[in-house]
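The values are calculated or read from the model by the stated rules, or taken from the named source; none is laboratory data. Predicted model, so just to flag it, every value in this text is computed and none were measured. Positions of Cβ are backbone-derived with ideal geometry, glycine not excepted, and every protein chain shown enters the neighbour counts. All accessible areas refer to the heavy atoms of the entire protein, side chains included, with ligands and DNA or RNA removed. Shrake-Rupley method; radii C 1.70, N 1.55, O 1.52, S 1.80 Å.
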Amino acid sequence: MAAQFQALLGADGRVFAPKTLEELGDEALALRADPPSVIAVHGGDGTLHRTVAALGLAFGETPIPPLAILGGGTMNVVSSSLRIRQPAAPFLSAIVGAVRANQPLETIRRRCLRIGDTLGFIFGNGLMANFLGEYYGTGEYGPARATWLLLRAIGSALINGPFIHKLFKRFEGTVEVDGQPLERSVFIGVGAATVREVGLGFKLNHRADDDVERFGVLAIHGRPAALIPDFWAVHAGRGIAPKRAFSAVASTLKIVPRAASMAYTIDGDLYKGEGELTISVGPHISFVKPPAALIVAPRRDTMNATR
């Protein structure tokens, strides 16, 4: 795949395939010293998260060059939310053609989240982290695995089975949205995002597009079985009913777990942190829109090693 990308680029660009996060950081610093017109990222949501975090650290207050998401993961949630669904090679080829012809590239401007000392687009604890723990449990990834877990969860909720209690293990702690504490201290999950989707077309973070200069917040507190009526509403983008979840648009979110540590996810990667965690508005990211002339048949591309 790296060789194919380099052949498409020719003398107009270079392909980097860092093997470690340290190498990724070094490459980001090199790009900061000599910024390109476009940085194309090939991989899934975790790859995008790690790359944006490295670029944010390297560029600091300097704007990051436009990013082109060459989707190569199993879910590609961020790119799907932004309606960027083109296969990697044709997308890159179209970008190279536009640059060579001195044609301007349209972009979608979106902020990312600053989550502690890193950057990302989708944060979640409780249910969101628990679901991914189960999703990664067998080593089999993809929409089929996610769909099976979703259906299993619905079935377990209907009979009040043990799986739903494992998946919906509650988070306990204090949550502040723009400095205002929420009345509740027990939640199914707390999330924040600057994109709406979380996978399979479900728009759990339905407030994410309300204000592109801030982010959507969701704090779910309803019982598992009570959330079943919200299933199709979430898929349609209407969100969970207010009586079962708090939602808002915010600039800061502070979470203080009652336990010593807290498991959470950032763009599909799992983390465990100690103490309070502050989420705020991150830097602007300009995503390259596929050129209008790019008309391709969709295909699945599961490569995710090349960045």
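In the set (1) touching a helix residue (DSSP H, G or I) at 6+ places or on another chain (Cβ under 6 Å); (2) part of a helix (DSSP H, G or I), the condition left unmet by ILE64 is number (2). For GLY161, the criteria (1) among the small types (Gly, Ala, Ser); (2) free of Cβ contacts under 8 Å to residues at least 12 places away in the same chain; (3) open to solvent by 40 Å² or more (accessible area, probe 1.4 Å) hold in every case but one, which is (3).
If you check ALA98 against the conditions, is it over 16 Å from the mean Cα position of the chain (by Cα), open to solvent by less than 40 Å² (accessible area, probe 1.4 Å), touching a residue at least 60 places away in the same chain (Cβ under 8 Å) and farther than 30 Å from ILE69 by Cα? Here the answer is no, as ALA98 does not meet what is asked.
Report whether or not VAL52 is among the β-branched types (Val, Ile, Thr) and in contact with a helix residue (DSSP H, G or I) (Cβ under 8 Å, 6 or more places away or on another chain). Spelling it out, it is not the case that VAL52 is among the β-branched types (Val, Ile, Thr) and in contact with a helix residue (DSSP H, G or I) (Cβ under 8 Å, 6 or more places away or on another chain). All conditions but one from (1) open to solvent by less than 10 Å² (accessible area, probe 1.4 Å); (2) at negative phi apply to GLY142; the one that does not is (2). Against the numbered list (1) in contact with a Lys or Arg (Cβ under 8 Å, 6 or more places away or on another chain); (2) modelled with pLDDT under 95; (3) under 22 Å from PHE246 (Cα atoms); (4) in a loop (DSSP other than H, G, I, E, B), THR138 comes up short only at (3).
Looking at the structure I just gave you, is ILE228 open to solvent by less than 30 Å² (accessible area, probe 1.4 Å) and on the phi < 0 side of the Ramachandran plot? Answer is no for this residue. For the residues ARG114, ARG109, the requirement of being assigned to a strand (DSSP E or B), surrounded by fewer than 15 Cβ atoms within 10 Å (Cβ to Cβ) and not polar (S, T, N, Q) singles out ARG109. Residues of region 33-50 that are surrounded by 23 or more Cβ atoms within 10 Å (Cβ to Cβ) and part of a helix (DSSP H, G or I): ASP45, THR47, LEU48, HIS49, ARG50.
A Cβ distance below 8 Å, combined with a sequence gap of six or more or placement on separate chains, defines the contacts here; from region 1-23, residues that are more than 13 Å from ALA40 (Cβ to Cβ) reach residues that are surrounded by fewer than 16 Cβ atoms within 10 Å (Cβ to Cβ) and at pLDDT 95 or above in the pairs PRO18/ASP26. Got at least one residue in region 84-102 being closer than 29 Å to GLU276 by Cβ, in contact with an Asp or Glu (Cβ under 9 Å, 6 or more places away or on another chain) and not in a loop (DSSP other than H, G, I, E, B)? No, because not a single residue in region 84-102 is closer than 29 Å to GLU276 by Cβ, in contact with an Asp or Glu (Cβ under 9 Å, 6 or more places away or on another chain) and not in a loop (DSSP other than H, G, I, E, B). Which one is nearest to ILE255 (Cα to Cα) among residues in region 117-129 that are in contact (Cβ under 8 Å) with a residue 24 or more places away in the chain and in a loop (DSSP other than H, G, I, E, B)? Out of the qualifying residues, it is GLY126. Taken across region 175-187, residues that are modelled with pLDDT under 95, open to solvent by less than 60 Å² (accessible area, probe 1.4 Å) and not in a strand (DSSP E or B) do not occur at all.
Mind checking whether some residue in region 183-205 is under 24 Å from GLY120 (Cα atoms), acidic (Asp, Glu) and either free of Cβ contacts under 8 Å to residues at least 60 places away in the same chain or in contact with a Gly (Cβ under 8 Å, 6 or more places away or on another chain) (or both)?
Checked against the condition, which is being under 24 Å from GLY120 (Cα atoms), acidic (Asp, Glu) and either free of Cβ contacts under 8 Å to residues at least 60 places away in the same chain or in contact with a Gly (Cβ under 8 Å, 6 or more places away or on another chain) (or both), region 183-205 yields no hits at all.
So, in region 1-31, how many residues would count as being part of a helix (DSSP H, G or I) and closer than 26 Å to ALA94 by Cβ? Of the residues in that region, 16 qualify. Residue check: ALA11 meets all listed conditions (1) surrounded by fewer than 20 Cβ atoms within 10 Å (Cβ to Cβ); (2) in contact with a helix residue (DSSP H, G or I) (Cβ under 9 Å, 6 or more places away or on another chain) but one, namely (2). Among the residues of region 271-289, the ones that are crowded, with 16+ Cβ neighbours inside 10 Å and not aromatic (Phe, Trp, Tyr) come to 10 in all.
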